[in-house]
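Here is the structure we will look at.
The values are calculated or read from the model by the stated rules, or taken from the named source; none is laboratory data. Bear in mind the structure is a predicted one, so any value in this text is a computation, not a measurement. Note that each Cβ is placed from the backbone with ideal geometry, even for glycine, and that neighbours are counted across all protein chains shown. Remember, those area values only see protein heavy atoms, side chains included, never the ligands or the DNA or RNA. Shrake-Rupley method; radii C 1.70, N 1.55, O 1.52, S 1.80 Å.
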Amino acid sequence: MHMEGYRYFNPPCQSDYPTNPTCQYPKYPDKSLIPGSKAGPPNPMPPADCTCGSEWVATVGAHTMAGLEGTAAATATLIDKDAFQDVSDVRPFHLPHIFEPMPGTACEDPATCKINMTTVTMPIYDIRDKLDTGLYPVTASEYRTKFKSREAIQQQAGLKDVNFTETDKFNTDTCRSINQKAYEWALSKASPKALARFQKHGQPFVFVEDLKSGIGPTGPTWIHDELKFEPTEDKKSVKVQSHYFTTGNKKMGDVSFFETVGYHYCKLLSPARAMEWIYVDGLKEFYGIKPESSNSELIV
């Protein structure tokens with residue numbers, strides 16, 4: 001749950017009004033749709049030990065999106081800082097950004113390149129958790145995460161002939177890979193007893209290709225296209241599918257923030273949600289108590 005940045009451990013920080021000195025999150029673009037309309041500070045302000053963002057996104061997510069393994073930039077240094085923000089906010093906008101190398105420039109040597117960038121994540125929680133009944137998941141149902149695109153990262157890393165069509169536009173595997181890693185991480189961290197119980201009675205996740213979101217009347221439909229959890233017909237497993245949205249890069253990002261270039265947005269599975277699935281929700285179908293009317297018994 002620490003990897004998720006669980007809201008009840010420590011409240012999320014507000015990067016526009018920083019209170020946690022360890023975050024050091026550089027704001028971008030720090031401008032609003034209507035100049036001078038920036039929202040005021042939260043009341044009360046987050047505590048000094050508030051959670052900056054998702055550790056999972058800043059480490060595993062960002063590195064998977066970059067896709068530098070097996071390239072000339074495989075030994076490059078990539079540092080990402082993530083912040084929790086409403087991804088639809090425009091007072092001000094909150095967008096991912098590559099700060100180093102500077103926009104419009106690239107590393108001369110991909111192998112020794114240093115990339116400093118940011119991501120933006122919005123954890124979504126089931127509103128029914130507030131009922132405090134113990135019947136509904138308590139971890140985030142999805143992350144709405146904005147990354148810089150693989151094309152943008154690789155171009156500024158100094159790689160040549162980066163093809164947006166291959167890296168992002170028709171790449172239906174990147175978000176899926178990040179989600180697969182969250183599930184594998186949870187399986188590796190579960191206790192032996194919990195893992196054995198889940199392997200015997202649980203519904204394993206199966207990760208399928210990402211589904212591209214389009215543009216609707218109010219903008220990208222990605223924001224409201226939920227991370228999909230669909231049981232198979234025999235209910236023996238659950239298919240997980242991310243929605244993604246991409247934009248091609250331009251001038252290595254050296255353009256106004258109004259030009260939406262070099263982005264790759266994902267609906268992500270929180271590693272805490274994956275763990276909760278292994279311990280609780282993934283057992284309900286075949287290891288839970290059924291209503292008496294179903295004539296089902298507890299499977300042991």
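Which one is least open to solvent (accessible area, probe 1.4 Å), of the residues in the range 163-194 that are free of Cβ contacts under 8 Å to residues at least 60 places away in the same chain and farther than 21 Å from residue 228 by Cβ? My answer is 191. Inspect the range 242-264 for any residue being of a type in the set (Val, Ile, Thr) and at pLDDT below 95 and give the result as yes or no. Checked against the condition, which is being of a type in the set (Val, Ile, Thr) and at pLDDT below 95, the range 242-264 yields at least one hit.
Residues that are in contact with a strand residue (DSSP E or B) (Cβ under 9 Å, 6 or more places away or on another chain), more than 21 Å from residue 118 (Cβ to Cβ) and hydrophobic (A, V, I, L, M, F, W, C): does the range 165-172 have at least one? Yes. Kindly provide the set of residues from the range 24-61 that are touching a Pro at 6+ places or on another chain (Cβ under 9 Å), under 29 Å from residue 185 (Cβ atoms) and surrounded by 15 or more Cβ atoms within 10 Å (Cβ to Cβ), ordered by number. Correct list: 25, 28, 46, 50, 51, 52, 53, 54, 56, 60.
Evaluating residue 46 against the criteria (1) assigned to a loop (DSSP other than H, G, I, E, B); (2) under 24 Å from residue 263 (Cα atoms); (3) in contact with a Cys (Cβ under 8 Å, 6 or more places away or on another chain) leaves one unmet condition, (2).
Matching residues to (1) at pLDDT below 95; (2) not in a loop (DSSP other than H, G, I, E, B):
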| site | (1), (2) |
| --- | --- |
| 104 | no, no |
| 118 | no, yes |
| 122 | no, yes |
| 130 | yes, yes |
| 152 | no, yes |
| 155 | no, yes |
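Pairs meeting the criteria (first residue in the range 50-62 and over 15 Å from residue 275 (Cβ atoms), second residue part of a helix (DSSP H, G or I) and open to solvent by less than 10 Å² (accessible area, probe 1.4 Å), beta carbons under 6 Å, at least 6 apart or on different chains) are 61/178. Determine whether the range 22-40 contains at least one residue that is among the β-branched types (Val, Ile, Thr) and either assigned to a loop (DSSP other than H, G, I, E, B) or without any contact (Cβ under 8 Å) to a residue 12 or more places away in the chain (or both). There is at least one residue in the range 22-40 that is among the β-branched types (Val, Ile, Thr) and either assigned to a loop (DSSP other than H, G, I, E, B) or without any contact (Cβ under 8 Å) to a residue 12 or more places away in the chain (or both). Taking the criterion of being open to solvent by 20 Å² or more (accessible area, probe 1.4 Å) and in contact with a strand residue (DSSP E or B) (Cβ under 7 Å, 6 or more places away or on another chain), the residues of the range 98-109 that qualify are 99, 100.
Scanning the range 132-150 for residues being open to solvent by 20 Å² or more (accessible area, probe 1.4 Å) and part of a strand (DSSP E or B) gives a total of 1. If the condition is being surrounded by fewer than 16 Cβ atoms within 10 Å (Cβ to Cβ) and farther than 15 Å from residue 85 by Cβ, then the range 8-23 contributes 8, 9, 21, 22.
A single entry from 71, 75 fulfils the requirement of being open to solvent by 40 Å² or more (accessible area, probe 1.4 Å), farther than 23 Å from residue 140 by Cβ, assigned to a loop (DSSP other than H, G, I, E, B) and touching a residue at least 40 places away in the same chain (Cβ under 8 Å): 71. Would the range 159-166 turn up any residue that is among the β-branched types (Val, Ile, Thr), closer than 30 Å to residue 77 by Cα and assigned to a loop (DSSP other than H, G, I, E, B)? Checked the range 159-166: at least one residue is among the β-branched types (Val, Ile, Thr), closer than 30 Å to residue 77 by Cα and assigned to a loop (DSSP other than H, G, I, E, B). Taking first residues from the range 265-285 that are within 17 Å of residue 226 (Cβ to Cβ) and partners that are basic (Lys, Arg) and open to solvent by less than 30 Å² (accessible area, probe 1.4 Å), the Cβ contacts under 9 Å between residues at least 6 apart in sequence or on separate chains come to 265/146; 266/146; 281/273.
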